[in-house]
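The block underneath contains the structure these notes are about, expressed in structure tokens.
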Amino acid sequence: MQYIYPFIDMVDILYVYKNKLLMKISRTHLVLAFIGLMTISLQACKTKKIAAKPVPPVTKAVEEPAKAPAPAPVEKKEEAPVPEKPNYTFDNIQFEFNSGVLKTASFATLDQVATEMKKDESVKFILNGHSSAEGTPEHNMSLSVDRANSVKSYLVNAGIPAGNMTIKGFGATQPMTSNDTEEGKVLNRRVEIRKVN
């Protein structure tokens with residue numbers, strides 16, 4: 001018999017096929033052994049969980065002699081608490097200069113506003129945004145709307161329905177005090193919350 005490769009004889013070829021066959025068989029056995037060990041270990045874990053649960057002690061029911069029923073307690077009717085009327089006067093909602101960002105001092109006021117608004121969710125409100133006199137009238141109008149939107153977002157996040165609030169910007173047209181001093185300008189950077197009649 002002639003071989004294509006004269007330097008490889010039949011014994012070498014058989015040796016190679018024998019080793020490949022042994023590798024396939026041993027690989028299959030290793031995979032099956034691994035699956036078997038995993039199955040056993042999972043079963044062992046489940047068994048531990050079951051074994052760890054204590055069995056409640058069995059007690060015999062002891063019959064007690066029948067007692068006469070106790071008289072029913074007399075219910076005292078408690079008067080329903082009178083709901084507190086909401087206070088809708090809110091002041092001191094202030095903003096940073098040239099910004100719609102709330103000052104941290106305003107957070108406590110807005111939390112109180114949200115508490116009062118939750119007392120009667122049928123009431124509608126208008127959020128009037130204002131600004132100080134710095135900047136152009138267009139910029140101040142945009143800024144006052146942004147400030148009213150900031151307050152609305154805060155209150156919506158606090159649980160007030162967005163449909164209960166409308167916003168309006170006034171720019172610098174309705175100052176609370178004179179814009180001649182820095183203190184006056186700070187007071188004019190505000191949002192006022194008013195109940196809609």
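Values quoted throughout were computed directly from the atomic coordinates according to the rules given, and no laboratory measurement underlies them. All values reported here derive from a predicted model rather than from experimental measurement. Note: ideal-geometry Cβ built from the backbone for every residue, glycine included; neighbour counts use all protein chains shown.
Taking LYS185 as meeting all but one of (1) closer than 17 Å to LYS118 by Cα; (2) not in a loop (DSSP other than H, G, I, E, B), write down the number of the exception. LYS185 satisfies every listed condition except (1). Within segment 103-147, can you find the residues that are of a type in the set (Gly, Ala, Ser), surrounded by 14 or more Cβ atoms within 10 Å (Cβ to Cβ) and assigned to a helix (DSSP H, G or I)? Correct list: SER106, ALA114, SER142, SER144. Among the residues of segment 121-172, those that are of a type in the set (Val, Ile, Thr) and within 14 Å of PHE95 (Cα to Cα) comprise VAL145, VAL151. The set of residues from segment 148-185 being of a type in the set (S, T, N, Q) and surrounded by fewer than 19 Cβ atoms within 10 Å (Cβ to Cβ) comprises ASN149, SER153, ASN157, ASN164, THR166, THR173, GLN174, THR177, SER178, ASN179, THR181.
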